[in-house]
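The values are calculated or read from the model by the stated rules, or taken from the named source; none is laboratory data. What you see is a predicted model, and the numbers here were worked out from it, not measured in a lab. Neighbour counts are summed over all protein chains in view; Cβ atoms, including those assigned to glycine, are modelled from backbone coordinates with ideal geometry. For accessibility, only protein heavy atoms count, side chains too; no ligands or nucleic acids. Shrake-Rupley method; radii C 1.70, N 1.55, O 1.52, S 1.80 Å.
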Amino acid sequence: MNTILRKSVLGVAGLAFTGGVFAGPVAAHAADTTHAVTATVQSDKLIPHGVQGAQSRIDLNDEQTKNVKAIIAATKKAGMDERAAVVSIATALQESKLENLGHLGDRNDHDSQGLFQQRPSSGWGTVEQITDPEYSTTAFLKGLKQVDGWQDMPLTKAAQTVQVSAYPDHYAQWEQQAADLVAQHWNS
């Protein structure tokens, strides 16, 4: 068996196992099993490399869900696919928990703001721009497009290449929730 085929088979097996471990109990208690099926059907597109490490999950309020939908809309408008939306949402989950943060005073990381904690002083745009979910997502995706082979990278490496975070491995913990959110809202 050639290396590419073997990696593909092992990747699919890993996804099936991971999906069962993480989604199994949730799907068993879900009233709407359509969502679980949709996530499973699309998992090869949403999480092509499997998740890395323990996964985190938060309950979303209406504002956070609105921001998920804005990220997905901006991703589609940029002509990018579901995987780009997963990377974007996981990044925003890590950076802001999907809350469009303004200046936090003494608690602020330099002048970072918005869903992606982008900095005007680093050239991401004006405060007004980076606190606009469509603009900030488009700016993130523009950076992602410039990363050669981002589609073939683990999520945390792709996100880190764009964001240059002091905590580069933290993006990985949000991959499953980001994929679930994309599966739920991509066609809504």
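Just a few scattered comments:
- Verdict on Thr131 being at pLDDT 90 or above and open to solvent by 50 Å² or more (accessible area, probe 1.4 Å): no
- Residue in the stretch 71-79 that is outside any helix (DSSP H, G or I) and modelled with pLDDT of 95 or more present: yes
- For the stretch 107-118, the criterion of being of a type outside the set (Lys, Arg), in contact with a helix residue (DSSP H, G or I) (Cβ under 6 Å, 6 or more places away or on another chain), in a loop (DSSP other than H, G, I, E, B) and open to solvent by 10 Å² or more (accessible area, probe 1.4 Å) is met by at least one residue.
- Checking each residue in the stretch 154-170 for being hydrophobic (A, V, I, L, M, F, W, C) and touching a residue at least 40 places away in the same chain (Cβ under 8 Å) picks out Leu155, Ala158, Ala159, Val162.
- Figure legend. Inter-residue proximity from the stretch 105-116: first residues at pLDDT 65 or above, second residues assigned to a loop (DSSP other than H, G, I, E, B) and of a type in the set (A, V, I, L, M, F, W, C), beta-carbon distance below 7 Å, spacing 6+ or different chains. Indicated pairs: Leu115/Leu98.
Here's the yes/no breakdown for (1) within 18 Å of Arg57 (Cα to Cα); (2) touching a Pro at 6+ places or on another chain (Cβ under 9 Å); (3) not aliphatic (A, V, I, L, M):
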site	(1), (2), (3)
Gln129	no, yes, yes
Pro133	no, no, yes
Ala139	no, no, no
Asp148	no, no, yes
Trp174	yes, no, yes
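- Boolean, Leu155 is surrounded by 15 or more Cβ atoms within 10 Å (Cβ to Cβ), under 21 Å from Leu60 (Cβ atoms) and not polar (S, T, N, Q): yes
- Pairs where the first residue, in the stretch 171-188, is within 11 Å of Leu46 (Cβ to Cβ) and acidic (Asp, Glu) and the second is open to solvent by 30 Å² or more (accessible area, probe 1.4 Å) and in a helix (DSSP H, G or I), C-beta under 9 Å, 6+ apart: Asp180/Ala23; Asp180/Val26; Asp180/His35
- Selected residue (criterion: most open to solvent (accessible area, probe 1.4 Å)) from residues of the stretch 67-90 that are of a type in the set (Lys, Arg) and touching a residue at least 12 places away in the same chain (Cβ under 8 Å): Lys77
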